[in-house]
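The block underneath contains the structure these notes are about, expressed in structure tokens.
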Amino acid sequence: MKLSDRVRLDDAVALRPERFGALAYSYRDRQLFFVDHALLPFVESAGGHTLGEIAGDLEAAGKVTKEALPRLLTVLEGLRRRGVLHVL
Amino acid sequence: MYYDALRQGLAAPICLTWELTYACNLLCVHCLSSSGKRAPDELDTTEAKRLLDEWAAMKVFYINVGGGEPMTRPDFFELMEYSIEQGIGVKFSTNGTLLDRRAARWIASTDYLDVQISVDGASPGVNDPIRGEGSFSRARTAMELLAAEGFPFKVNHVVTRRSFQGLDELHAMVTGMGGQLRVTRLRPSGRGKAVWEALKLTQAQNRELYDWLRAHPDVLTGDSFFHLSALGQPLDGLNMCGAGRIVCCVDPRGDVYACPFVLAPEFKAGNVRDSSFGEVWQGSPLFERLRGWEVGGQCRSCGAYDRCHGGCMAVKHFTGVDLDDPDPECVRKPEAGSTATLLPLALKPRAISPRAPAASRTVGSGPQP
């Protein structure tokens, strides 16, 4: 997954806000996924911005550090592989 | 990582069991809800739909529908279709006896609908003394009907000391038909209390089961064996008691309980006729208490605590064990009681009539042929 990518949720995935961020549920394969606060803006971006743009905004707001970015990209890649996210 | 977040409760349950009716054409000796007779004051269709509307608004992703035998309700198909229309997936449990070809076609052609058929032994000789004479054959017919539709059904198996040796055989039978096996833990809930000592696994079987589950990752467990995670590498799942935190149960009358295995007044959080489900889920003193509670006592100093979290609250409650004590089947405790595999049962199930009852086929919207 690259910072220039834009992502959107799979049509069969529902998101529900939770204290820790959100729960995602895939109706396709009946799997639950945990989405923490740092990850949520990427997951619900609906392709509106690139991952880099979102990360920049979060960094500017002090919500994410540069050091945390590789972990977030790894988790996003995991969600893409499980069919939860699609790269546009 | 999410243990604390889950322990403190979610905005809505992720495992919501809805016991649609206590009516049942079987009388299984271990029935956790002591089902058999319909409650005269069960929720009517309008009330049931109102509940589904609320769950949809709360973004409940799916419901586990059970009973009793849910297919005995005349509005069964209507309610299931309504749930799916509202965006709530359905997983329903049935004894399979009322599942005919038309129902199998409806199941196979309906999105977001899963079905699990209860079978408690790999043969009539093991299953029927628990679930009733003729019940194995009828469940098997239901599986064949679903298999003929190419539908990936599940078989739910409450593993007991009598059925344990047949696990491989049952697994082969189910997967051979394109299904998936789900193995769940016997609880001393409902009528299960009367047969608990005779049917609970021996400690040797519990240890073997742990290895068997680890060797069969395709077998589902509904997270019900987390007490066995104390034996080593945790089993797949959340490995914690979710009662009132991520799990709850609504009974046919609209009573809300912390989990389907503790249908007891001490664990009743409210009723959806008195307040909304959301108010009960978010504000009941019982659920608040459960969300702040962790098993204490000697479990806290045990090296396995992070894997089993003290075990199942329901098993403790119905065996008279303090909730802060270890699970009665704690794998680090010595064997208690007999290890014989064929102990007499205190209850007898009801034999099923050889003919399929016509219940639920003629009333309500029903599946289209």
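Each value in this text was obtained by applying a stated rule to the coordinates, not by laboratory testing. The structure presented is a predicted model; accordingly, all values stated were derived computationally and were not measured. So basically every Cβ, Gly included, is an ideal-geometry build from the backbone, and we count neighbours across all protein chains shown.
Just a few scattered comments:
- The residue list B:L343, B:A139, B:G166 was ranked by how far each Cα lies along the charge dipole of chain B toward its positive end, using unit charges on Cβ atoms, and B:L343 comes out on top.
- For A:Q31, the residues whose amide H sits under 5 Å from its own are A:S26, ignoring neighbours fewer than 5 places away on the same chain, with H placed 1.01 Å from N.
- Our coupling estimate for segment A:43-59, obtained by passing each phi through the Karplus curve with A = 6.51, B = -1.76, C = 1.60 and θ = phi - 60°, is 5, 9, 6, 6, x, x, 9, 6, 4, x, 5, 5, 4, x, 4, 5, 5 Hz, Gly and Pro reported as x.
- Considering only B:N206, B:S123, B:C312, and ranking their Cα positions along the charge dipole of chain B that arises from unit charges at the beta-carbon of Lys, Arg, Asp and Glu, the one farthest toward the positive end is B:S123.
- Stokes-Einstein diffusion coefficient of the protein assembly as shown, Kirkwood radius over Cα pairs, 10 °C, 1.306 mPa s, in µm²/s: 68
- Derived value for segment B:141-270: Kirkwood hydrodynamic radius 16.3 Å. Basis is the mean of 1/r over every pair of different alpha-carbon atoms.
- Alpha-carbon radius of gyration plus Dmax, which is the widest Cα pair, for segment A:7-83 in Å: 12.2, 37
- Restricting the trypsin sites (Lys or Arg not before Pro) of segment B:242-278 to loop positions (DSSP other than H, G, I, E, B) with no more than 13 neighbouring Cβ atoms within 10 Å leaves B:R273.
- Pairwise centroid distance, computed over Cα atoms, of segment B:33-106 with segment B:233-264, Å: 18
- Over the C-alpha trace of segment B:188-242, radius of gyration and Dmax come out as 12.2, 33 angstrom.
- Amide H to amide H, with H built 1.01 Å from N, B:A269 comes under 5 Å of B:V256, B:Y257, B:A258, counting only residues 5 or more places away or on other chains.
- Using just its DSSP H runs of length 4 or more, each adding -39500 (n - 2.57), chain B gives a mean residue ellipticity at 222 nm of -8500 deg cm²/dmol after division by all residues.
- When only the Cβ of Lys, Arg, Asp and Glu is charged (+1, +1, -1, -1), the dipole of the protein assembly as shown relative to its Cα centre reaches about 740 debye.
- Other-chain or far-sequence residues with amide H under 5 Å of B:E69's (modelled H): B:A23, B:C24, B:N25
- Share of pairwise Cα separations in segment B:1-123, more than 22 Å, in percent: 40
- Taking θ as phi - 60° and the Karplus parameters 6.51, -1.76 and 1.60, the scalar couplings of segment B:24-36 work out to 7, 8, 10, 8, 4, 5, 10, 4, 6, 10, 6, 6, x Hz in sequence order, x denoting glycine and proline.
- For chain B, radius of gyration divided by Kirkwood radius, i.e. Rg to Rh on alpha-carbons: 0.94
- Debye, to nearest 20: dipole size of chain A, +1 on Lys, Arg Cβ, -1 on Asp, Glu Cβ: 240
- Degrees, to the nearest 10: A:69-81 long Cα axis against longest axis of chain A: 20
- Working note: Karplus 6.51/-1.76/1.60 with θ = phi - 60° gives segment A:15-30 the couplings 10, 10, x, 9, 3, 8, x, 7, 10, 10, 10, 9, 5, 5, 10, 6 Hz, where Gly and Pro are set to x.
- Overall, segment B:136-175 carries a charge dipole of about 240 debye about its Cα centre when +1 sits on the Cβ of Lys and Arg and -1 on the Cβ of Asp and Glu, all other atoms neutral.
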